[in-house]
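A short worksheet on the structure shown next.
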Amino acid sequence: MRSAFFPGLSFFCAALLGPCCVLAAAPVAPPAPAGPPISLELNKLAPLDGATGCRAYFVIANPGAEAIPELQLDLVLFGTDGIIARRVAVEVGPLPADKTVVRLFDLAGTKCDAIGHVLLNDVLSCQVAGPAPTAGGTTGDDQRQACLDRIAVSSRAAAPLTK
């Protein structure tokens, strides 16, 4: 192995430490998100009629040319005191190509005014329509990370939505 930074270092390393010596490669920049940003807006929190709970309204825009048949998010709700109140998994897909959709989620047992902020903690599942990956192509973790990187969050509700 040759080092781009120190040409003689490979020989020196092998001579001193043997063939097991490994040199660290230069850092590689992470790939750019695949596709235009997906906007995820917490639009409104409204009390549920006749029950203790809150309905969360999300507006999700997929400006891309490819549909997203599956997008499941891991959200963490924090109380107004900053303490974690609960964690929820929500399925916001399918998201048609070049389309904005509204998704509603009922949070039974959680009062709207008790929600201090909502964190997009992770993407649990993400599938983007298009050609199937080839051998050695992207993994499920790569797809989830690419989707997470594409999501831009905002809030019109009293509680902010962060990432």
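Please treat every number below as a calculation from the coordinates, not as lab data. From a predicted model like this one, the values you see are computed outputs, not experimental measurements. Cβ sites come from the backbone with ideal geometry, for glycine too, and all protein chains shown count toward neighbours.
Based on the alpha-carbon gyration tensor of the range 35-162 and its eigenvalue square roots a ≥ b ≥ c, which shape applies: rounded if a/c is under 1.5, prolate if not and a/b is larger than b/c, or oblate?
Details: a/c = 2.40, a/b = 1.93, b/c = 1.24.
Because a/c hits 1.5 or more and a/b exceeds b/c, the range 35-162 counts as prolate.
Straight-line cross-link reach from K163 at under 12 Å between alpha-carbon atoms covers these aspartates and glutamates, not counting any fewer than eight positions away in the same chain: E41, D74, D122, D149. Amide H contacts of T162 (H built 1.01 Å from N, in plane; Pro and chain starts excluded): V118, L119, L120 sit under 5 Å, all sequence-distant by 5 or more or on other chains.
Summing charges over neighbours of R150, with a neighbour being any other residue whose Cβ is under 13 Å away from its Cβ, gives -1 when K and R count +1 and D and E count -1. Stretched out straight at 0.36 nm per residue, the stretch from Y57 to T80 would grow longer than its current Cα-Cα span by 6.4 nm. Find out how many positive minus negative residues lie around R87, taking Lys and Arg as positive, Asp and Glu as negative, among other residues whose Cβ is under 14 Å from that of R87. The answer is -1.
Spin-label model, S154 to S125: label points 7 Å out along the Cα-to-beta-carbon direction sit 2.9 nm apart.
Can you give the FRET efficiency for A89 and A65, using 1/(1 + (r/R0)^6), R0 = 22 Å, r = Cβ-Cβ distance, to the nearest 0.05? Spell out each step's value before the answer.
Details: r = 28 Å, r/R0 = 1.25.
After rounding to 0.05, the efficiency reads 0.20.
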